[in-house]
Amino acid sequence: MLPEEQVWQALRAVIDPELGINIVDLGLVYSVEVQEGQVHVAMTMTTPACPLHTYITSSSEAAIWQTVPNVRSVEIQLVWNPLWNPLMMTSAAKQMLGWETK
């Protein structure tokens, strides 16, 4: 498995505590880059005023350190452009929230 894929997999284990859905399926993770053990993740929150941003970013960083081998550094960058919206969620996340049927 490629390092980027390992990071995406690690981030799928991070659950938004308010919604109970992982941050990848919620569409919060915009990009993952890995170069020579340096991991950079660009992500957002459901709102700029999210009270759980520290928890989610810390959990994301911890998940990467714990599961991806040969990591030398992890940078989580919060970005607000584009702003998150529900259309960014996967079908699975929408189904879990009852917004879409199978």
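Coordinate-derived values only; no laboratory data. Note that the coordinates shown come from a computational prediction; the quantities given were computed from them, not determined experimentally. Cβ atoms come from the backbone with ideal geometry, glycine included; neighbour counts cover every protein chain shown.
What to note about this one:
- Simple label model, 7 Å out from Cα along Cβ direction - LEU52 to SER73, nm: 3.0 nm
- Mean sequence separation of contacting Cα pairs (under 8 Å, at least six apart), scaled by the length of the chain, corresponds to a relative contact order of 31 percent.
- J(HN,Hα) series, segment 61-66, from Karplus relation 6.51 cos²θ - 1.76 cosθ + 1.60, nearest Hz, glycine and proline x: 4, 4, 4, 5, 4, 6
- A straight chain from TYR30 to SER91 at 0.36 nm per residue would run longer than the Cα-Cα distance by 20.3 nm.
- Using equal-weight Cα scatterers in the Debye expression, the normalised intensity of the chain in log10 at q = 0.14, 0.22, 0.23 Å⁻¹ is -0.51, -1.15, -1.23.
- Summed residue charge, Cβ within 15 Å of THR47's Cβ, Lys/Arg positive, Asp/Glu negative: -2
- Virtual paramagnetic centre 7 Å along Cα→Cβ of LEU83, amide N under 15 Å, in segment 33-58: 44-50
- Most fluctuating residue given options THR67, THR54, THR46, as computed from a GNM of the chain linking Cα atoms under 10 Å: THR54
- Per-residue [θ]222 nm for the chain (sum of -39500 (n - 2.57) over DSSP H runs n ≥ 4, rounded to 500): -9000 deg cm²/dmol
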